[in-house]
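Structure first, then comments.
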Amino acid sequence: MKNKIFVLDASAIIGGFYSKKSANFTTPDVISEIKDLKSKILLQSAIEEGCIEIKDPDPAALKRLETVLNESGDILRLSEVDKDIVALAITLKNEGYDPTLVTDDYSMQNILKIIKMPYRSVLTKGIKDVIGWVKICKGCKKKYPPEYAMEECEICGSRIIRKRVKKP
Ligand SMILES: [Zn+2]
């Protein structure tokens, strides 16, 4: 059986969507596209925990994709970052994985239909094992937002730990 994996674009990462059961991949360019602080912190944690892997697409996969795009004429326009993400999904498929691309971008979803690459939208409830984080004080259990930077509780001074939560 092929390994199911997810390939995440910026909308997926900003939406806080990734699988904890399967491996998640994204490209270096997507990482640099993430500007808002909350998403950056979540992303950094996910990378440190090995939940999200960063990988460049294979140049051959990118070339194949560009051929398909050129044949489509002006109908399908993708940014360089978007091309890289689709090409990464193709690369991983060639490596024997079973990738699903997670994106809310319609242009990308259209090209994925054409190349028969499975995809899902970020905003749909399709992904069951989506997680997020809260920070919680070990002592008094006060909850802090994920982007809270201090390591000690402002109330009792105990250590603040990060805890995984399922999204409602
Ligand atoms: Zn506390």
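Could you tell me which of the residues Pro118, Pro146 is modelled with pLDDT of 70 or more and more than 20 Å from Ser39 (Cα to Cα)?
One residue alone meets the criteria, Pro118.
Going through the range 39-71 one residue at a time, which ones are touching a helix residue (DSSP H, G or I) at 6+ places or on another chain (Cβ under 8 Å) and among the polar types (S, T, N, Q)?
Ser39 - this is the single residue of the range 39-71 that is touching a helix residue (DSSP H, G or I) at 6+ places or on another chain (Cβ under 8 Å) and among the polar types (S, T, N, Q).
Considering only residues that are open to solvent by less than 50 Å² (accessible area, probe 1.4 Å) and within 9 Å of the ligand (Cβ to nearest atom), which ones fall in the range 137-163? Working first, answer last.
Here is the first cut: in the range 137-163, the ones open to solvent by less than 50 Å² (accessible area, probe 1.4 Å) are 137, 139, 144, 146, 148, 153, 157-158, 160.
Selection gives Cys137, Gly139, Cys153, Gly157, Ser158, Ile160.
Using beta carbons and a limit of 6 Å, which pairs, at least six apart or on different chains, have the first residue in the range 2-27 and under 19 Å from Pro146 (Cα atoms) and among the polar types (S, T, N, Q) and the second one open to solvent by less than 10 Å² (accessible area, probe 1.4 Å) and at pLDDT below 90?
Hits for this filter: Ser11/Val122.
Would you tally the residues in the range 1-30 being aliphatic (A, V, I, L, M), crowded, with 23+ Cβ neighbours inside 10 Å and farther than 17 Å from Lys55 by Cβ?
Going through the range 1-30 one residue at a time, the tally reaches 0.
Mind listing just one residue for me: the one in the range 121-136 that is modelled with pLDDT of 80 or more and β-branched (Val, Ile, Thr) and, of those, least open to solvent (accessible area, probe 1.4 Å)?
Once the filter is applied, the top-ranked residue is Val122.
Confirm whether Leu37 is in contact with a strand residue (DSSP E or B) (Cβ under 7 Å, 6 or more places away or on another chain), touching a residue at least 60 places away in the same chain (Cβ under 8 Å) and within 30 Å of Ala149 (Cβ to Cβ).
So Leu37 does not fit the description; no.
Could you go through the range 43-59 and let me know if any residue there is without any contact (Cβ under 8 Å) to a residue 12 or more places away in the chain, within 21 Å of Met108 (Cα to Cα) and either within 13 Å of the chain's Cα centre (by Cα) or in the same structural domain as Lys113 (by TED's automatic domain parsing) (or both).
Yes.
The values are calculated or read from the model by the stated rules, or taken from the named source; none is laboratory data. Keep in mind that what you see is a predicted model, and the values were worked out from it rather than measured. For neighbour counting, all protein chains shown are included, and Cβ atoms are generated from backbone atoms with ideal geometry for every residue, glycine included. Surface accessibility is based on the protein's heavy atoms, side chains included, excluding ligands, DNA and RNA. Shrake-Rupley method; radii C 1.70, N 1.55, O 1.52, S 1.80 Å.
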